[in-house]
Amino acid sequence: MEQLLFLTLSLTKGGAERVICNMCNEHFVHRYRVTVISLMAAEPEYDMDPGVTVLYVDQRPEQYRQNMPVRFARRRRGLISLLRKLEQKEERIGALISFLPEPNFLITSLSKRRSYPVIISVRNDPAKEYASKLRRLLMKTCYPRADGYVFQTGEARDYFSFSEHMMKNSAVIPNPLGKEFLDVASSAMTKKEIVSVGRLEAQKAPLLLIRAFARIHEAYPEYRLLFYGEGSLREEMQEEIKKAGLEQRILIKGNTDHIRDAVGKASLFVLPSVYEGMPNALMEAMAMGVPCIASDCPCGAPRALIQSGENGLLVPVGGEAELAKAMAFMLDDIERAARMGRRAQEITKKLAPEQIYHEWDRLIDAKKEQKTDSRK
């Protein structure tokens, strides 16, 4: 059985990390001997199939505080050593798949050409991910060395149009839905709750949502706004809630491993992000038939999922008044909102795991064949 390697920053809570775990557990472990290489030595926060091996490049957490060039050089040496050991095993390596910028930079910075294809995946808005001069330089210098590329939206792929090689060898593959979100009965909307799920960081614009809710709360006194997630903005959010006098109406619930329970019976799901890759939380809320509002943010994922007015609503990025108006529009006519929620469930056909995994298999097999042909 061939080896399949995944390279990631960590296996702590995060969208990309969850996708890796689901892909390995549900599909790849049945086709390959799977090894996940984590740059950070943090214990996985997602359950892994016993057949999946997890290896760490960094062993001491205190090393993470080193500046970027020192950390990068150390991790690069560690990755070279680890790959050398894996390449010496009897089972040949079928492919290496890398997620997120630092792992992508590391694997594509290695001078040695691998005997197996290296596929890198861009998981967020590239205009944000590569905004700094250093990251943009690393990306332009290193990324064209990979053999294949996976993007979650066409808009993300178009960012790399400067490289003919990247365009020619890329595929747009969205995230798969978790199997627990397939064939779910449409939300009964029995809870008078507006729910948002995600890290409490500027990217997710939680302060904007608080202010938009403050505009309409008096007209809908039975509704509460609930945030699920943690992050650096928690304290600032609490201050904003207190300033608005909404301590009993807006609650920060923290992280949860039970998204179906937290979201499944809500009246409304809101994702007001400044930018996104492919937001799992939005996909899952739609799959459960919860009426959804999302910002029409780069790099196009909400727009790829929501046809505004049909299966949800899109609002401008940063549009506080527009967001408040959209929430009021949904809450004013629950039947209309419920119809949108039922239509939203049709994304389960587009994002069914077996379909997404087939697209990954097809890309991996094509890159393996190209690699074999290049050695002849």
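None of the figures in this text is laboratory data; all of them are computed from the coordinates on show. Remember, it's a predicted structure, so these values are computed and weren't measured experimentally. Glycine also receives a Cβ, built like all others from the backbone with ideal geometry; neighbour counts cover every protein chain displayed.
Structural remarks
- Legend: residue pairs Lys140/Lys349; Lys325/Lys350; Lys13/Lys265; Lys112/Lys133; Lys13/Lys325; Lys13/Lys253, Cα-Cα distance threshold 28 Å; pairs beyond threshold, Lys140/Lys349; Lys325/Lys350; Lys13/Lys325.
- The stretch 262-343, relative contact order in percent, only Cα pairs under 8 angstrom and at least six apart counted: 29
- Other residues lying with their Cβ under 13 Å from the Cβ of Ile107 contribute a combined charge of +4, Lys and Arg counting +1, Asp and Glu -1.
- Computed on the stretch 179-350, with alpha-carbon pairs under 8 angstrom and 6+ residues apart, the relative contact order is 26 percent.
- Sorting the segments 8-20, 239-251, 167-179 by their mean number of nearby beta carbons within 10 angstrom, highest to lowest, gives 8-20, 167-179, 239-251.
- Based on every Cα atom in the chain, Rg and the maximum pairwise Cα distance Dmax equal 21.5, 72 Å.
- Relative contact order computed over the chain (Cα-Cα under 8 Å; 6+ residues apart), in percent: 15
- Pairwise FRET efficiency - Met1 versus Asp373, Cβ, R0 = 35 Å, nearest 0.05: 0.95
- Three semi-axes of the equivalent ellipsoid, the stretch 179-350, Cα gyration tensor, whole Å, largest first: 22, 17, 16
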